[in-house]
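The values are calculated or read from the model by the stated rules, or taken from the named source; none is laboratory data. In this text, all values refer to a predicted model and were calculated from it rather than measured experimentally. Reconstructed Cβ throughout: ideal geometry from the backbone, glycine too, with neighbour counts over all protein chains shown. Only protein heavy atoms, including side chains, enter the accessible area calculation; ligands, DNA and RNA are left aside. Shrake-Rupley method; radii C 1.70, N 1.55, O 1.52, S 1.80 Å.
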Amino acid sequence: MTPSDADIAASILAGLGGVENIDEIDPCTTRLRSLVKDPALVDPALLRRAGAFGVMINGRVVQVVVGPRVDTIASDLAELM
Amino acid sequence: MVRARDRGSEHKYLAVRAYLSELVANELSVGDAVPSERSLTERFGVSRMTVRQAVDALVTEGILERAQGRGTFVAPPRADFEMRLTTFGEEARRRGLTPGADILETAVVPAPRTVAEALDRDVATPMHFVLRLRTADGTPMSLEETWVPVDLAPDLLSDGVPESIYGALRARGLDPTWGEETITAADATPQERETLQMQGSHAVMRTSRRTFGGDAPLMYSRASYRGDRYSVFVPLREARPTLVPRTRASAPAATTPAGRVPEGSPR
């Protein structure tokens, strides 16, 4: 039932508007802080469905709360980017 | 030896203050009286007002405390609570302090919007609500509001408010495993000042915390900690490397490996 971290990483990337929309992603202890090119392409509902515990958007900065799995998700994101 | 610098009252004030700070740090113990105003006046050759100014500053900093009609004494040290997933009681006990709580309010309430969003519930979902005054060795330390969804633990408060809500959640198989806390500096409201018995500084630290057990939000809490009795201890570690798309990380024709999580980078 619980999606794998790799699936979560793929869904998060999609929710952020795809790899083309990413300037950078900064993995923090419980969050991914992303700088996106176009915030209009970000889909908060998709990010929540992907397993995010919260999504904060401020201009081009999108914070996705993912909890302590951030390490493995960040590694999976690196593969996908 | 006292080295009263003779460069105006500003320096005299600083000299008295530095002398008292040194005394507290090296010679006096918690609860000891500090030298009287009169003896400090004589010792430094300064006015009573200058002495009072220095003492006031240390009271505001929480280094000294006044007891009405009895004098000025060395205050207990600030509690340096680490930012981690523990409760007030656990943190206090680990510092040799005896935790206490006055239950000021307990009820089942409909979730306000902020609480509902933090706990991933609909607005007005029934929540256990507790308002507590937390004390350490009998001294008021913080005012804490807590919300837990009733659907998670209907009988959470049926035997009264447990000493540790985390403990009560664990007893129901709902172990807190991670969380996020935000800390903001603020001025205490008049009610907070009264309840927390704040005499000097009005500064408080307001925190809001979401506590999770795995994927499930378990508890939302907000607290106001006395700025003069409480320090925050935050362990730091190296930041993880930033991820950038490989299309930009590498030159068009280059074959640089992708991503940017180097081998052996800190977790």
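By the equivalent-ellipsoid construction on the alpha carbon gyration tensor, segment B:79-233 comes out with semi-axes of 25, 17, 15 Å, ordered largest to smallest. The charge dipole of segment B:4-74, taken about its Cα centre with unit charges on the Cβ atoms of Lys, Arg (+1), Asp and Glu (-1) only, comes to about 260 debye. For the chain pair A and B, buried accessible area totals roughly 1900 Å², probe 1.4 Å, rounded to the nearest 100.
Excluding ligands, DNA and RNA, the accessible surface per residue across segment B:1-140 is 57 Å² with a 1.4 Å probe. Placing a label point 7 Å from the Cα of residue B:178 along the Cα-to-Cβ direction, the residues of segment A:1-39 whose backbone N falls under 11 Å from that point are A:28-32. Full extension of the chain between residue B:215 and residue B:238 gives 5.7 nm of extra length, using 0.36 nm per residue less the Cα-Cα distance.
Overall, chain B carries a charge dipole of about 1000 debye about its Cα centre when +1 sits on the Cβ of Lys and Arg and -1 on the Cβ of Asp and Glu, all other atoms neutral. For segment B:49-157, relative contact order (Cα pairs under 8 Å, six or more residues apart, normalised by length) works out to 17 percent.
The accessible-area ordering, largest first, of the residues B:192, B:163 stands as B:163, B:192, per a 1.4 angstrom probe. Simple spin-label estimate for residue B:104 and residue B:203 gives 2.2 nm between the two label positions (7 Å along the Cα-to-Cβ direction from each Cα). Rolling a 1.4 Å probe over the heavy atoms of the protein chains gives chain A an accessible area of 45 Å² per residue.
Across segment B:1-125, the volume of the C-alpha convex hull divided among the residues equals 191 Å³ per residue. Highest-first packing order for the peptide set B:178-188, A:61-71 is A:61-71, B:178-188, based on the mean count of other beta carbon atoms within 10 Å. Dividing the helix sum by the residues of chain B, where each DSSP H run of 4 or more adds -39500 (n - 2.57), gives a mean residue ellipticity at 222 nm of -7000 deg cm²/dmol. For segment B:4-74, the convex hull drawn through the C-alpha positions has a volume of 80 cubic angstrom per residue. Here the average projected area of the convex hull drawn through the C-alpha atoms of segment B:137-190 stands at 6.0 nm².
Across the protein assembly as shown, Cα-Cα pairs farther apart than 30 Å form 53% of the total.
Other protein chain C-beta atoms within 10 Å of residue C-beta, averaged over B:229-240: 1. Within 10 Å of the Cβ of each residue in B:177-186, the mean number of Cβ atoms contributed by other protein chains is 2. Backbone geometry of segment A:69-81 corresponds, through the Karplus equation with coefficients 6.51, -1.76 and 1.60 at θ = phi - 60°, to 3J(HN,Hα) couplings of 6, 3, 4, 5, 5, 5, 5, 5, 4, 4, 4, 7, 8 Hz, x marking Gly and Pro. Return, ordered by residue number, the residues of segment B:204-225 whose backbone nitrogen is under 14 Å from a label point located 7 Å along Cα→Cβ of residue A:28. Residues B:208-210 fall inside that zone.
Counting Cβ atoms of other protein chains within 10 Å of each residue's Cβ and taking the mean over peptide A:17-26 gives 4.
Considering only B:23, B:139, B:83, the residue lying farthest towards the positive end of the dipole of segment B:17-164 is B:23, judged by Cα position with unit charges set on Cβ. Dividing the mean sequence gap of close Cα pairs (under 8 Å, 6+ apart) by how many residues segment B:79-233 holds gives a relative contact order of 25 percent. Annotation: average projected area of chain B is 22.6 square nanometres, based on the convex hull of Cα atoms across all directions.
If Lys and Arg each add +1 and Asp and Glu each add -1, what is the summed charge of the other residues whose beta carbon sits under 12 Å from the beta carbon of residue B:83?
-3
Mean separation of Cα pairs under 8 Å and 6 or more residues apart, divided by the residue count, gives chain A a relative contact order of 35 percent. Over the C-alpha trace of chain A, radius of gyration and Dmax come out as 10.9, 34 angstrom. Placing a label point 7 Å from the Cα of residue A:49 along the Cα-to-Cβ direction, the residues of segment A:6-21 whose backbone N falls under 17 Å of that point are A:7-18. Basic side chains Lys and Arg get +1 at the Cβ, acidic Asp and Glu get -1 at the Cβ, and with that the dipole of the protein assembly as shown about its Cα centre reaches some 1000 debye.
The protection proxy used here, the mean number of other Cβ atoms lying within 10 Å of each residue, ranks peptides B:169-177, B:60-68 as follows, highest first: B:60-68, B:169-177.
Find which of A:72, A:27, A:52 sits farthest along the positive direction of the dipole of chain A, computed with +1 on the beta-carbon of Lys and Arg, -1 on that of Asp and Glu, about the Cα centre. About the Cα centre, the residue reaching furthest to the positive side is A:52. In summary, the convex hull built on the alpha carbon positions of segment B:143-255 has an orientation-averaged projected area of 12.2 nm². Taking amide H atoms as placed 1.01 Å from N in the peptide plane, the amide H of residue B:97 has no partner under 5 Å among residues 5 or more positions away or on other chains.
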